[in-house]
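Trainee: My questions all concern the structure below.
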Amino acid sequence: MSTSTDVSLSSYDEDQGSKLIRKAREAPFVPIGMAGFAAIVGYGLYRLKSRGNTKMSVHLIHMRVAAQGFVVGAMTLGMGYSMYKEFWAKPKP
C-alpha cells in the first residue's frame, strides 16, 4: 500500500522573505497596494489628533474607505496590466 503525493516539498522550504519577494515578482501591484494601505492608515493615525469636531467613528470610516479604495485601485491596475501583457503585448507567432 503506497501513498503517492503530488505536492512538491520545495514550496514548504521557502521562508517568509523569499516567498514575499517571489509573490511580488509575480504580481507587482500587490506590494504597491500594501504600501499604499499602510501609508493611508499611517496618515490617518497622524491626523487623528487634529481631527477637530469630527467624531472618531466618522474619521475611522473615512480612513478605512480611503485605504480600501487604494487597494481596489491597485488591484484594478494590476489586472489591467496583466491583461495587457497577456493579450495585447504578446508577440504573434
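Trainee: Looking at residue 78, is it open to solvent by less than 100 Å² (accessible area, probe 1.4 Å) and in a helix (DSSP H, G or I)?
Mentor: When the stated conditions are applied, residue 78 passes them.
Trainee: Right, next: When you look at residue 56, is it over 24 Å from residue 20 (Cα atoms), more than 21 Å from the chain's Cα centre (by Cα) and open to solvent by less than 100 Å² (accessible area, probe 1.4 Å), yes or no?
Mentor: So residue 56 fits the description; yes.
The values are calculated or read from the model by the stated rules, or taken from the named source; none is laboratory data. It should be emphasised that the depicted structure is a prediction, and the values quoted were computed from it without experimental measurement. SASA here: full protein model, heavy atoms, side chains in, ligands and nucleic acids out. Shrake-Rupley method; radii C 1.70, N 1.55, O 1.52, S 1.80 Å.
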